[in-house]
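Each remark here refers to the structure printed beneath this line.
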Amino acid sequence: MSLDTGLQESIWAQTAPPVQFPILENKIRAEVAIIGGGYTGCVAALRLAERGVDVVLVEGKEIGWGGSGRNSGLVNAGLWLNPSEIAGRFGEVYGNKLIQGLANTPSLVRELIERHSIDCDAGRPGMVKAAHANSALHSIGETARQWKNLGAPVELLDADGIAKLTGTRRYPGGLLDHRSFTIEPLAYARGLAKAASKAGARMYVESTVHTLEPLSQGVGVRTNRGDVAADRVIVATGAYDSKLVRGMERGFVPLGYFLFASEPLTANLREVVLPGKMALWDTSPSLLTLRYDRDYRLLVGNLGWLPSARSGHKWALSVLHSAFPQIGNVRFTHGWSGTLDFTDDHMPWLARPMANVYMVGGFNGRGIGPGAYWGGILADWAMGLPDADLPVPVTGPPNIRFRSAKRDIFGMAFRISRKTGQLLR
Ligand SMILES: Cc1cc2nc3c(=O)[nH]c(=O)nc-3n(C[C@H](O)[C@H](O)[C@H](O)COP(=O)(O)OP(=O)(O)OC[C@H]3O[C@@H](n4cnc5c(N)ncnc54)[C@H](O)[C@@H]3O)c2cc1C
């Protein structure tokens, strides 16, 4: 069950340049068909089209309808977890490949934006990961140590360092990651789709795929009005489909994430609240994010489904007041939410659910950099990259036990934490 708002509710839909693609209405053929028009699908389509592969992308709603059009726009390296946890989970060989690949994802995103001249307000490098409490300082120190050992440009911050960079005294310490930056997510998704189309990918929207079936040669991709007969299929539906591929009903726990955007802040406030447009996320279990958009609207994000405007605005204002007591009465003009695909181990997975069908999942709420990375990997895999050269073994989708109960329990915990200001913050 998804409780997403429409994409139009998001601030990103107000500024992203439009794209137009047709509905799939015929029976067509392709070497590769891609299902899903988010970052993963669009990057895979771009990569394949640039190589001269005959590729078709089929999106059920519109480009960026899923997480890619409605996220917080924080482009970060790696996973939520420390590099050592990744190596521990996948072993040295796979683990090191994955760590290296994901460490470079902000550069990958920046390179796509520049090469295809995507106007998505890509910000200056540098973002703060703040410890929500003293108890989180040790773990942040360990993260900094591990990334530094790998040569990554990160620095530890004390409370004064965070206050200088962000204007808030709310945090006892944290980490500045010079690789990270912010983007306008929907503009980036649409820019990737345009680039893929320009490179020769045939793109279709409003064409939900209801069936995937084996053909004597390849795979049939069926929508209500048209079909693709493809040699190979990439499934890039993220947290937005759990029916198309068998086993996906238990492949992830769908958790909501919501954002509120304020009216543009005054010039005086801009100097003291996240000066220089610094963005911040913190280590609280409800994953608070704070950033500006291009017009200096302040965005506040948190795990959970979008609360009512009344209680949500009250909550967002209380968060801002605790971080920036000088902020006064800020009005919120937009609120929206989307779905994340959480897994028990917070790790990505690859699957080949049928012959010639390739799939990735388990982004766990970090998918901008990973979408670019996995889109490329899926394209290469579908074109013959051996399993042994992949960055993770082909084991998915996972079989998550008590998926519905977990979804409900987390949802309830996030609601309680907002009401009480306790528990998860
Ligand atoms: C509110 C929110 C905030 C987030 N913040 C951040 C952040 O700051 N930084 C970060 O790195 N990540 C963030 N994420 C996560 C990130 O947005 C996602 O991991 C990423 O966008 C996933 O990209 P994707 O291409 O794999 O999937 P999606 O972008 O979800 O795309 C999947 C697409 O598949 C389509 N689809 C589904 N089923 C079918 C079907 N049967 N037929 C045809 N099409 C279908 C959907 O309509 C959708 O467009 C956030 C996510 C949300 C929801």
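The values are calculated or read from the model by the stated rules, or taken from the named source; none is laboratory data. On a predicted model such as this, the values are computed, not experimentally measured, just so you know. Note: ideal-geometry Cβ built from the backbone for every residue, glycine included; neighbour counts use all protein chains shown. Protein only, heavy atoms only, side chains kept; ligands, DNA and RNA dropped before computing areas. Shrake-Rupley method; radii C 1.70, N 1.55, O 1.52, S 1.80 Å.
Can you work out the accessible area per residue across the range 280-425, with the rest of the protein chains kept in place, probe 1.4 Å, in square angstrom?
Accessible surface, normalised per residue, equals 39 Å².
Quick one: the Cα spread of the range 236-289 along its three principal axes, in angstroms, biggest first?
Largest to smallest, the principal-axis extents are 54, 22, 16 Å.
Using per-residue counts of other Cβ atoms within 10 Å, averaged over each peptide, order 152-162, 278-288 from highest down.
278-288, 152-162
What is the sum of charges, Lys and Arg at +1 and Asp and Glu at -1, for the other residues whose Cβ falls under 11 Å from the Cβ of Ser207?
-2
Under 5 Å between amide H atoms, partner at least 5 residues away or on a different chain: which partners does Trp305 have, H built in plane at 1.01 Å?
Gly256
Got a sec? What order do His321, His334, His138 fall in by accessible area at 1.4 Å, biggest, i.e. largest, first?
Output order, biggest surface exposure first: His138, His321, His334.
If N is the number of residues in the range 191-277, what value comes out of its Cα radius of gyration divided by 2.2 N^0.38 Å?
Scaled against compact globular proteins, the figure is 1.73.
So if I place +1 on the C-beta of Lys and Arg and -1 on the C-beta of Asp and Glu, and nothing else carries charge, what would the dipole magnitude of the chain be about its Cα centre? I want it in debye, nearest 20.
Rounded to the nearest 20 debye, it is 840 debye.
Consider all pairwise Cα distances in the range 334-425 and report the whole-number % of them above 18 Å.
57
With every protein chain left in place, what is the accessible area of Cys42 in Å² (1.4 Å probe, nearest 10)?
Its accessible surface works out to 0 Å², give or take rounding.
What value does the range 103-164 have for Rg/Rh, both radii from Cα atoms and Rh as Kirkwood defines it?
Looking at the range 103-164, the ratio lands at 1.07.
Ignoring any ligand, DNA or RNA, what whole percent of the accessible area of the chain comes from carbon and sulfur when the probe is 1.4 angstrom?
Carbon and sulfur atoms account for 51 percent of the accessible area of the chain.
Most mobile of Asn302, Asn329, Asn96 per a Gaussian network model of the chain (Cα springs, under 10 Å)?
Comparing Asn302, Asn329, Asn96 in a Gaussian network model of the chain, the most mobile one is Asn329.
Students sometimes get this wrong: rank Phe21, Phe258, Phe410 by accessible area, probe 1.4 Å, all chains present, largest first.
The ordering from most to least exposed comes out as Phe410, Phe21, Phe258.
Which net charge results for the neighbourhood of His346, defined as the other residues with beta-carbon distances under 14 angstrom from its beta-carbon, given Lys and Arg at +1 and Asp and Glu at -1?
-1
Take the chain, connect every pair of alpha-carbon atoms lying under 10 Å apart with a spring to form a Gaussian network, then pick out the residue of Ala77, Ala196, Ala163 with the largest mean-square fluctuation.
Greatest mean-square fluctuation among the candidates belongs to Ala163.
Using a Cα distance threshold of under 29 Å, what count of lysine pairs results for the chain when pairs must be 8 or more residues apart or interchain?
Pairs that pass both the separation and distance tests number 28.
Apply the Karplus curve 6.51 cos²θ - 1.76 cosθ + 1.60, θ = phi - 60°, to the phi angles in the range 199-208 and return the couplings in whole Hz, x for Gly and Pro.
After applying 6.51 cos²θ - 1.76 cosθ + 1.60, I find 7, x, 6, 8, 10, 10, 10, 6, 9, 5 Hz.
To test your reading of the geometry: what angle, between 0 and 90 degrees and rounded to tens, separates the Cα axis of helix 309-323 from the longest principal axis of the chain?
Helix 309-323 sits roughly 60 degrees off the main axis of the chain.
For Thr223, which sequence-distant residues (separation of 5 or more, or a different chain) have an amide H within less than 5 Å of its own amide H, given hydrogens modelled in the peptide plane?
Residues meeting the amide H criterion: His210, Val228.
I need two numbers for the chain: Rg to one decimal and Dmax as a whole number, Cα atoms only, in Å.
Computed over the Cα atoms of the chain, radius of gyration and Dmax are 20.8, 67 Å.
GNM, the chain, Cα, under 10 Å: largest mean-square fluctuation among Pro18, Pro307, Pro398?
Looking only at Pro18, Pro307, Pro398, the largest GNM fluctuation is found for Pro18.
How high is the relative contact order of the chain, in percent, counting Cα pairs under 8 Å that sit 6 or more residues apart?
The normalised contact order for the chain reaches 24 percent.
Give, in nm to one decimal, the length gained when the segment between Glu114 and Leu81 is fully stretched (0.36 nm per residue of separation minus the Cα-Cα distance).
Here the answer is 9.0 nm.
Please compute the modelled spin-label separation between Lys148 and Asn356, points set 7 Å along Cα→Cβ, answer in nm with one decimal.
For the pair Asn356/Lys148, the computed spacing is 5.3 nm.
From the alpha carbon gyration tensor of the range 109-229, can you work out the equivalent ellipsoid semi-axes (sqrt of 5 times each eigenvalue) and give them in Å, largest to smallest?
Largest first, the range 109-229 gives 44, 19, 14 Å.
Can you compute 3J(HN,Hα) from phi for each residue in the range 240-257, using the Karplus curve 6.51 cos²θ - 1.76 cosθ + 1.60 with θ = phi - 60°, rounded to whole Hz and x for Gly and Pro?
So the J values, rounded to whole Hz, are 9, 8, 10, 10, 5, 10, 4, x, 6, 4, 10, x, 7, 9, x, 10, x, 9.
Under the Karplus relation 6.51 cos²θ - 1.76 cosθ + 1.60, θ = phi - 60°, what is the ordered set of whole-Hz ³J(HN,Hα) values for the range 367-381, x standing for Gly and Pro?
Rounded to whole hertz, the list is x, 6, x, x, x, 5, 5, 6, x, x, 5, 4, 4, 5, 5.
Quick one: helix 403-420 against the long Cα principal axis of the chain, what's the angle to the nearest 10°, folded into 0 to 90?
On a 0 to 90 degree scale, this one is about 20.
Determine the sum of side-chain charges near Ser10: Lys and Arg each +1, Asp and Glu each -1, restricted to other residues whose C-beta is under 12 angstrom from that of Ser10.
Here the count lands on -2.
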